[in-house]
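Below: one structure, written as structure tokens.
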Amino acid sequence: MITVQNLAKTFGTKRAVDGISFSVERGEVLGFLGPNGAGKSTTMRMITGFIPPSGGTVSVGGFDMEENPIPAKRLIGYLPENAPAYTDMTVHGFLSFAAEIRGLRGEAKQKAVNRVVEMCFLEAVLHQSVDTLSKGYRHRTCFAQSIIHDPDVLILDEPTDGLDPNQKHEVRTLIRKMGEKKAIIFSTHILEEVDAVCSRAIIIDRGKIVANGTPQQLRQKSDWAGAVTLRVNGINGSALNQKLSQLSTVKKVVVLKEEATSVTARIFPKTGGPNAAPSGALAQSIADAAQGWRIEELHTEEGRLDDVFRNITMPDTVKEETK
Amino acid sequence: MNAWANIRTIAKRELSAYFASPVAYVVIVIFLLLTGFFTFMLGGFFERGEASLVSFFLWHPWLYLFLVPAVGMRLWSEERRQGTMELLLTMPITPWQAIVGKFLASWLFLAIALALTFPIACTVNYLGSPDNGVIFGSYVGSLLLAGSYLAVSSMTSAMTRNQVISFIISVVICFLLILVGYPPVTTFLYHTLGFGQWFVETVASFSVMTHFEGFQKGILDSRDLIFFLSIMVFALFTTGVIIRGHRAG
Ligand SMILES: Nc1ncnc2c1ncn2[C@@H]1O[C@H](COP(=O)(O)OP(=O)(O)O)[C@@H](O)[C@H]1O
Ligand SMILES: [Mg+2]
């Protein structure tokens with residue numbers, strides 16, 4: 001549905017987006033991750049046709065956004081960053097306007113408005129002025145606008161920004177459900193959201209794609225992926241370290257916490273990181289070696305997204321310092 | 001046909017936005033009060049001893065100078081300030097449909113304000129027997145004048161997200177459009193500065209005063225009509241160029 005090729009945008013001398021290519025099919029929810037200023041919003045603005053690219057092409061449903069913007073835009077629903085809405089209208093007026101500009105009239109319009117009002121829980125504020133809405137309601141009003149024509153393609157720029165935990169949950173559920181039938185791109189910097197909603201994620205940094213894969217694949221890029229966390233009783237930290245370091249499967253042992261009754265350590269496998277060996281092997285060898293200690297906890301880490309995110313997107317100098 | 005439907009949807013929204021705010025009513029009341037004041041106090045409506053609305057229309061270029069930019073200043077600057085421009089321009093409409101729709105809505109708003117002055121036309125008809133053709137022509141001219149100022153305001157409104165700045169620039173441009181054909185200025189150019197007559201006339205032909213004059217006499221000259229329409233087309237076209245410029249970054 002969405003194909004982006006070599007997309008680039010230069011503001012003055014600043015390269016905000018620098019040669020991004022990817023595609024999203026129907027039934028996919030693509031998470032767009034990246035630190036602030038990475039170029040997520042700029043990319044989305046080019047996909048929705050708000051700003052023209054400095055280079056590259058966007059095509060939506062087979063229509064090129066530069067050459068054939070109107071049919072391309074018809075397919076898209078868009079929630080811009082900060083959820084703008086006309087403050088001089090009521091929620092109902094605003095949604096009716098959005099429906100009309102999408103070509104819905106009469107009964108079809110009324111039905112579309114009712115549908116999104118229900119989906120986004122807007123009944124309570126339907127005749128209230130947008131001006132007086134709380135942030136969460138305003139956000140949902142703009143979100144409702146983006147799905148009023150039941151679009152095939154949905155572009156959501158930080159759809160859960162500024163919502164309370166319940167509202168966040170509702171929006172995520174909604175996105176996941178709609179993702180079954182639509183092609184959705186949404187940006188976020190909340191990593192748990194990626195797991196909760198996305199079928200695939202792209203991490204962009206300084207205008208470039210630095211990682212692309214399922215949340216599971218991305219997690220495995222973590223240094224932690226495949227490492228084992230162990231909490232045992234009946235041995236002290238240095239003895240544990242010494243004993244486990246001798247194992248052929250172990251690369252490094254880090255004692256995380258040493259208490260009177262227990263020691264917590266993380267053990268990294270020899271073939272750790274992106275191409276970790278079947279993780280059971282390490283856990284098994286540790287369990288075998290642990291004769292005489294009482295194991296309170298033993299589990300293999302899946303790798304953590306925020307770890308991957310930090311590793312990939314942090315400037316090298318900062319990375320060195322925190323190590 | 002689709003284009004027209006889009007323009008209407010935009011215009012409808014814009015017009016309802018005007019009437020949703022008290023500013024609209026304030027503007028209309030001020031307009032009516034000022035026309036009354038200018039017509040009866042400064043224009044010598046009664047002293048003229050003739051049944052005409054000359055003293056009424058005489059002041060329109062000056063009255064509109066402040067009134068029209070006040071109506072037009074929000075057109076695009078407000079969209080930019082609130083970020084709704086991003087919604088508007090990612091809808092399946094072309095930018096010119098949005099520009100024309102918004103322009104027509106605010107023009108219609110001014111037309112409503114102007115139409116509310118009809119009691120004054122009734123009054124002269126009651127007091128005497130004026131040439132209603134002249135009055136009609138003057139109304140048409142006045143509406144075209146308002147439209148020209150408004151297109152300029154649309155243009156300046158696209159330049160900035162600050163309504164006040166948009167207002168000021170628009171007043172300055174409209175003031176220049178008056179000035180170049182204002183008799184004291186043309187006389188000054190001609191006599192004091194010694195510019196040739198053709199030069200002074202060329203400059204004056206860019207003035208709304210020169211072209212509004214014909215309408216006030218009840219003469220509908222196609223050149224005057226074309227002049228006002230060209231200003232509108234040019235200013236709206238420039239609005240489009242400015243908006244495209246902002247998006248290109
Ligand atoms: N209209 C603009 N003019 C100049 N620079 C811009 C403009 N829009 C974005 N940028 C710059 O481009 C970079 C990417 O911004 P953005 O796409 O908003 O990042 P993100 O959404 O990932 O936080 C930032 O450095 C930002 O300052
Ligand atoms: Mg952003």
Only one of A:P269, A:P278 that is more than 26 Å from the chain's Cα centre (by Cα), more than 16 Å from A:V232 (Cβ to Cβ) and at pLDDT below 70: A:P278
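Only residues that are open to solvent by 40 Å² or more (accessible area, probe 1.4 Å) and at pLDDT 85 or above: list them for the range A:185-199, please. Steps first, please.
Here is the first cut: in the range A:185-199, the residues open to solvent by 40 Å² or more (accessible area, probe 1.4 Å) are A:189-190, A:192, A:195, A:199.
Correct list: A:S199 only.
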Looking at A:F50, A:F32, which is the one that is free of Cβ contacts under 8 Å to residues at least 40 places away in the same chain and within 16 Å of ligand 2 (Cβ to nearest atom)? A:F50
Return a yes/no flag: does the range A:185-200 have any residue that is more than 15 Å from the chain's Cα centre (by Cα) and of a type outside the set (F, W, Y). no
Candidate set from the range A:53-65 (those that are within 12 Å of chain B (Cβ to nearest Cβ) and open to solvent by 40 Å² or more (accessible area, probe 1.4 Å)); member that is modelled with the lowest pLDDT: A:S54
Would you confirm whether any residue within the range A:71-85 is within 13 Å of chain B (Cβ to nearest Cβ), surrounded by fewer than 22 Cβ atoms within 10 Å (Cβ to Cβ), within 14 Å of ligand 2 (Cβ to nearest atom) and of a type in the set (D, E)? yes
So which of B:S222, B:S170 ends up being touching a residue at least 60 places away in the same chain (Cβ under 8 Å) and either within 15 Å of the chain's Cα centre (by Cα) or open to solvent by 40 Å² or more (accessible area, probe 1.4 Å) (or both)? B:S170
Could you list, in sequence order, all residues of the range A:147-161 that are within 14 Å of chain B (Cβ to nearest Cβ) and within 16 Å of ligand 2 (Cβ to nearest atom)? A:I155, A:L156, A:D157, A:E158, A:D161
Counting only residues that are among the hydroxyl-bearing types (S, T, Y) and more than 15 Å from the chain's Cα centre (by Cα), how many does the range B:195-209 have? 2
Quick one: which helices (runs of 4 or more DSSP H) lie wholly within the range A:35-116 and hold at least 2 residues that are within 16 Å of ligand 1 (Cβ to nearest atom) and touching a Phe, Trp or Tyr at 6+ places or on another chain (Cβ under 8 Å)? A:40-47
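Using the structure shown, decide if A:K14 is within 16 Å of ligand 1 (Cβ to nearest atom) and touching a residue at least 60 places away in the same chain (Cβ under 8 Å).
no
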Condition test on A:R45, is it within 11 Å of ligand 2 (Cβ to nearest atom) and open to solvent by 40 Å² or more (accessible area, probe 1.4 Å)? yes
Just checking, which of B:E86, B:E79 is over 22 Å from B:A151 (Cβ atoms), in a helix (DSSP H, G or I) and open to solvent by less than 30 Å² (accessible area, probe 1.4 Å)? B:E86
Within the range B:1-22, how many residues turn out to be within 18 Å of A:G93 (Cβ to Cβ) and open to solvent by 80 Å² or more (accessible area, probe 1.4 Å)? 3
For residues that are away from every other protein chain (no Cβ under 14 Å), in a helix (DSSP H, G or I) and in contact (Cβ under 8 Å) with a residue 40 or more places away in the chain, tally how many sit in the range A:117-136. 1
Answer with yes or no whether A:G37 is away from chain B (no Cβ under 12 Å), in contact with a helix residue (DSSP H, G or I) (Cβ under 6 Å, 6 or more places away or on another chain) and more than 24 Å from A:R115 (Cα to Cα). no
Quickly run through the range B:197-219 and pick out the residues that are over 17 Å from B:S148 (Cα atoms) and open to solvent by 30 Å² or more (accessible area, probe 1.4 Å). B:Q197, B:W198, B:F199, B:E201, B:T202, B:V203, B:K217, B:G218, B:I219
Cβ-Cβ under 8 Å pairs, at least 6 apart or on other chains, the range B:21-37 side closer than 19 Å to B:S106 by Cα, far side acidic (D, E) and buried (at least 17 other Cβ atoms within 10 Å of the Cβ): B:S21/A:D88
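Does the range A:11-29 hold any residues that are assigned to a strand (DSSP E or B), within 14 Å of chain B (Cβ to nearest Cβ) and open to solvent by 40 Å² or more (accessible area, probe 1.4 Å), and which are they?
Within the range A:11-29, A:F11, A:K14, A:R15 qualify.
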Quick check on my filter: what residues within the range A:5-27 are within 16 Å of ligand 2 (Cβ to nearest atom) and small (G, A, S)? A:A16
Any chance you could count how many residues in the range B:115-128 are without any contact (Cβ under 8 Å) to a residue 60 or more places away in the chain and either open to solvent by less than 50 Å² (accessible area, probe 1.4 Å) or in contact with a Ser or Thr (Cβ under 8 Å, 6 or more places away or on another chain) (or both)? 0
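The values are calculated or read from the model by the stated rules, or taken from the named source; none is laboratory data. Quick caveat, the model's predicted, so the values are computed rather than measured. Reconstructed Cβ throughout: ideal geometry from the backbone, glycine too, with neighbour counts over all protein chains shown. Protein only, heavy atoms only, side chains kept; ligands, DNA and RNA dropped before computing areas. Shrake-Rupley method; radii C 1.70, N 1.55, O 1.52, S 1.80 Å.
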